[in-house]
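Asker: Quick one: the structure is below, and I'll ask about it shortly.
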Amino acid sequence: MASRNTRILEAAARLIARRGVRGLRVEELAAEAGVSTGLIYYHFKDRTGILRHTLEFINDRAERYTTLRAPDEPPPAPREELGRILLMELQDTAEVRENSAAWGELRASAVFDPALREDLARATLVWVREVTALLGEVSPTAPAAKLAAAAERLTALLEGLSMRWLSGGLAIDRARTLMEDGIEAELSGLEPR
């Protein structure tokens, strides 16, 4: 059963990335996932349920590929981990492209969908808190408000760079360089003066 749900959510992420949230039709999702529409409604209740679960799936998948390392690899230092987590969102792989495009489509649709807006706001808050915690490990003496503001700026920068890269307005190498520059600028702003 879990593999069926995963197939459905993978198909939903693919369709949202390609056609947007408005283009997501349950019948097409069922065909893409190789299941019946009744099964989709059984597991996800309605279209909103599909979108909510797809958002969770996208977040879980991003966490997996941004934190992936070899079993024998030692844990990275906090500064290295911060860069790694943010820069792994700018990889030219099918999985990252699809995830980032689907996230962007869900964010754009949230403008008009209050339920989706709340779910996306919660997911963004979790992401910002994770980056805030990493920044706190890198700069443990920085005030909490400064850490949180830096995390918001970094996550917003990453989203913007990702959308520009995906839409062809920015080469991936340039996007990665700008992200690295943003990380350095935020870290230097956290240092005591």
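Asker: When the range 76-89 is examined, which residues are found to be open to solvent by 60 Å² or more (accessible area, probe 1.4 Å) and either in contact (Cβ under 8 Å) with a residue 60 or more places away in the chain or touching a strand residue (DSSP E or B) at 6+ places or on another chain (Cβ under 9 Å) (or both)?
Answerer: 79
Asker: Could you check how many residues of the range 156-184 are small (Gly, Ala, Ser), farther than 15 Å from residue 132 by Cα and open to solvent by 50 Å² or more (accessible area, probe 1.4 Å)?
Answerer: So the count comes out to 4.
Asker: Working only within the range 137-155, note down all residues that are open to solvent by 20 Å² or more (accessible area, probe 1.4 Å) and either free of Cβ contacts under 8 Å to residues at least 12 places away in the same chain or within 17 Å of residue 78 (Cα to Cα) (or both).
Answerer: Result: 137, 138, 140, 141, 143, 144, 145, 148, 149.
Asker: Go through (1) within 25 Å of residue 55 (Cβ to Cβ); (2) at pLDDT 95 or above; (3) more than 16 Å from the chain's Cα centre (by Cα) for residue 165 and report which single condition fails.
Answerer: Of everything listed in (1) within 25 Å of residue 55 (Cβ to Cβ); (2) at pLDDT 95 or above; (3) more than 16 Å from the chain's Cα centre (by Cα), residue 165 misses just condition (3).
Asker: What number of residues within the range 10-65 satisfy the criterion of being β-branched (Val, Ile, Thr) and over 21 Å from the mean Cα position of the chain (by Cα)?
Answerer: So the count comes out to 4.
Asker: Of all residues in the range 90-112, which are hydrophobic (A, V, I, L, M, F, W, C) and surrounded by fewer than 19 Cβ atoms within 10 Å (Cβ to Cβ)?
Answerer: 94, 108, 111, 112
Asker: Quick check on the range 67-75. Is at least one of its residues in a helix (DSSP H, G or I) and surrounded by 14 or more Cβ atoms within 10 Å (Cβ to Cβ)?
Answerer: No, the range 67-75 has no match at all.
Asker: Quick one: which helices (runs of 4 or more DSSP H) lie wholly within the range 1-45 and hold at least 1 residues that are open to solvent by 70 Å² or more (accessible area, probe 1.4 Å), closer than 17 Å to residue 95 by Cβ and touching a residue at least 24 places away in the same chain (Cβ under 8 Å)?
Answerer: Fully inside the range 1-45 and qualifying: 2-19.
Asker: Which members of the range 46-56 meet the condition of being part of a helix (DSSP H, G or I) and charged (D, E, K, R)?
Answerer: 47, 52, 56
The values are calculated or read from the model by the stated rules, or taken from the named source; none is laboratory data. Because the structure is predicted, anything quoted here is derived from the model rather than measured. Cβ coordinates were reconstructed from backbone atoms using ideal geometry, including for glycine residues, and neighbour counts include every protein chain displayed. For accessibility, only protein heavy atoms count, side chains too; no ligands or nucleic acids. Shrake-Rupley method; radii C 1.70, N 1.55, O 1.52, S 1.80 Å.
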